[in-house]
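The values are calculated or read from the model by the stated rules, or taken from the named source; none is laboratory data. The model shown is predicted, which means the values in this text are computed figures rather than measured ones. Neighbour counts are summed over all protein chains in view; Cβ atoms, including those assigned to glycine, are modelled from backbone coordinates with ideal geometry. Quick note on the areas: whole protein, heavy atoms, side chains included, nothing else; ligands and nucleic acids left out. Shrake-Rupley method; radii C 1.70, N 1.55, O 1.52, S 1.80 Å.
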Amino acid sequence: MPPSRLDAVYRSILLTKFFTKGWGNPENLRRIFEFRKVVANREACYNLIPSNYPVNITKDEEWSDCHVLEGHFQSPFDYHLPGIMPEETKTAHFQMILPKKWTSHKIKPICLHLAGTGDHFFWRRRNLIAKPLLKESGIGSILLENPFYGLRKPKDQVRSSLHNVSDIFIMGGCLILESIVLLNWCEQHGYSPLGLTGLSMGGHMASLAATNWPKPIVLVPCLSWSTASPVFTEGVMSASINWALLENQYFSNEIYQNDLAKMVKVIDQDDAFLAGQHFAKHYPASMARITRIRNESKTTNAEIKTTKSINETSNGNSAPVKNNNKAQKYQIAEEKAAAKLFPLNLISNRFKNADADALKGVCLLPVAKHPLFSDSKWREHEAYQFMRGIMDECTHLKNFELPVDTELIIAVCARDDAYVPRDGCMSLEEIWPGAEVRYIDAGHITAYLLHQKLFRSTISEAFQRSIKKYPIDNS
């Protein structure tokens with residue numbers, strides 16, 4: 001079915017713009033890329049957080065329908081990547097929604113809820129998900145404030161308008177480590193079983209966090225998918241990005257191109273995450289490889305110019321070459337040069353249309369100048385592919401470990417989601433065998449507005465699976 005028209009209309013009337021200051025400090029991006037390799041290793045990531053990490057409880061109140069705790073702690077991300085986080089984001093704030101009295105002394109389920117785009121403070125998740133979930137299923141909740149949102153929003157940031165692309169990676173890294181802090185704290189205070197959930201961006205962040213928990217954990221990601229890449233390059237949110245600014249920054253600073261974007265030359269869209277993965281794994285050796293390819297390309301381009309000059313001289317003008325042998329030599333030389341830049345056998349069919357849009361599903365990193373592109377189209381395409389490559393590097397679930405028990409995962413997706421396109425992306429079932437994916441016949445906005453009860457019932461069902469599969473010992 002076609003993407004939801006309501007999603008597009010709703011996004012178009014919002015004032016929020018993303019990445020208004022550009023990509024972010026390239027040195028920060030490089031450090032994030034390197035740290036991502038640590039976070040992708042579950043044991044290494046989990047061991048970054050001491051089990052007794054200090055958590056401060058600042059409020060303990062009895063409300064009419066629940067018991068509410070509030071607290072804060074220093075984000076571990078700031079310890080491991082100092083100097084990257086804005087000051088306001090460094091303290092993690094959370095709120096807990098608990099029953100006044102548990103019905104069981106040993107079964108005390110807690111679900112950690114991560115916020116979606118634009119979900120500032122706690123009231124939305126508390127009233128739409130946490131309190132009804134407690135009433136309907138007896139499941140308590142922890143609501144963690146996202147970095148750059150609510151209490152953690154930088155003073156000069158307007159609404160949810162993240163200043164830099166790097167901010168989304170900082171947010172993700174923070175939430176992964178902060179989730180470990182809170183899950184450890186819950187275990188120490190006797191809460192079990194534990195789970196993770198979230199809507200939209202929150203669902204994807206919950207998925208990333210689940211990959212780094214060393215025990216079976218409930219996971220219910222709603223309205224998210226396997227990577228954030230298509231959200232910012234193909235979904236309706238891509239229209240809220242100042243691509244001209246990103247393009248200009250990309251080409252005005254060689255560090256973006258020389259140190260960050262020289263990844264795998266050509267990969268299918270399904271494997272776009274491999275571009276960033278390959279570059280990060282083999283850095284700095286990958287840089288030497290790129291330099292060698294570039295030098296070879298320059299040599300072959302010189303051969304083309306020489307061959308073309310001979311052809312034109314033989315004809316006395318620049319008209320099409322009539323001599324078949326010389327024309328064939330020129331064609332061979334041209335194909336030889338192109339083959340050094342990218343394997344044409346993988347994408348030859350896409351070039352036949354002689355249309356720049358024919359390359360939309362191909363990830364070219366680095367993007368070679370090709371006759372099908374005007375200078376402006378080529379620059380635009382390279383900035384676009386850089387965005388896709390770094391998003392896949394830092395957010396593609398294939399780059400992280402398999403959750404300990406995928407049978408505790410139930411994902412809920414909207415069939416007509418225009419915010420989170422799924423075409424051409426690896427499916428959750430491919431990446432996480434054993435996980436279940438359910439679909440709602442709706443778009444992103446309609447699903448959010450009308451299907452909160454379904455999200456809650458799915459969370460409850462996943463917790464029941466956990467309780468049945470892993471009975472809680474009295475000890």
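Which length gain, in nm to one decimal place, applies between residue 65 and residue 187 when the Cα-Cα distance is subtracted from 0.36 nm times their residue separation?
Additional length available on full extension: 41.5 nm.
Within 10 Å, count the other beta carbons around each residue, average over each peptide in 386-398, 433-445, 177-189, and list them highest first.
So the order, starting with the most tightly packed, is 386-398, 177-189, 433-445.
Would you please state which residues of the range 454-472 a label at residue 104 would reach in this model, taking the label point 7 Å out along Cα→Cβ and a backbone N cut-off of under 18 Å?
What the label zone holds, given the 18 Å backbone N cut-off, is 457-472.
Which FRET efficiency, nearest 0.05, do residue 252 and residue 43 yield, Cβ-Cβ r, R0 45 Å?
According to the calculation, E is roughly 0.65.
So what J values fall out for the range 381-398 if you push phi through Karplus, 6.51 cos²θ - 1.76 cosθ + 1.60 with θ = phi - 60°, rounded to Hz, Gly and Pro as x?
Result, ordered by residue: 5, 5, 4, 4, 6, 4, 4, 5, x, 6, 5, 5, 4, 9, 10, 6, 4, 5 Hz.
Rounded to the nearest whole Å³, what is the per residue volume of the convex hull around the Cα atoms of the range 86-204?
With only Cα atoms used, the range 86-204 gives 98 Å³ per residue.
Report, to the nearest whole %, how much of the accessible area of the range 71-188 belongs to carbon and sulfur atoms, 1.4 Å probe, protein only.
53
For the modelled label position 7 Å from the Cα of residue 450 along Cα-to-Cβ, which residues of the range 189-221 have backbone nitrogen atoms closer than 20 Å?
199-200
Ranked from the most accessible area to the least, with a 1.4 Å probe and all protein chains present, what is the order of 31, 456?
Correct descending sequence by accessible area is 31, 456.
Taking only protein heavy atoms into account and a 1.4 Å probe, give the accessible area per residue of the range 85-198 in Å².
Accessible area per residue: 32 Å².
Between residue 17 and residue 5, what length in nm is gained on full extension when 0.36 nm per residue of separation is reduced by their alpha carbon distance?
2.3 nm
Given points 7 Å out from each Cα along the Cα-Cβ axis, report the residue 57 to residue 467 separation in nanometres with one decimal.
2.3
Can you list the residues, at least 5 places off or on another chain, whose amide H is less than 5 Å from the amide H of residue 196, using H built in the peptide plane?
112, 218, 219, 220
Using the Karplus curve 6.51 cos²θ - 1.76 cosθ + 1.60 with θ = phi - 60°, what ³J(HN,Hα) values do you get for each residue of the range 404-417, in whole Hz, with x for Gly and Pro?
These are the phi-based 3J(HN,Hα) values: 4, 9, 6, 6, 8, 9, 10, 9, 10, 10, 9, 4, 9, 5 Hz.
If you wrap a convex hull around the alpha carbons of the range 160-218, what volume per residue comes out, as a whole number of Å³?
88
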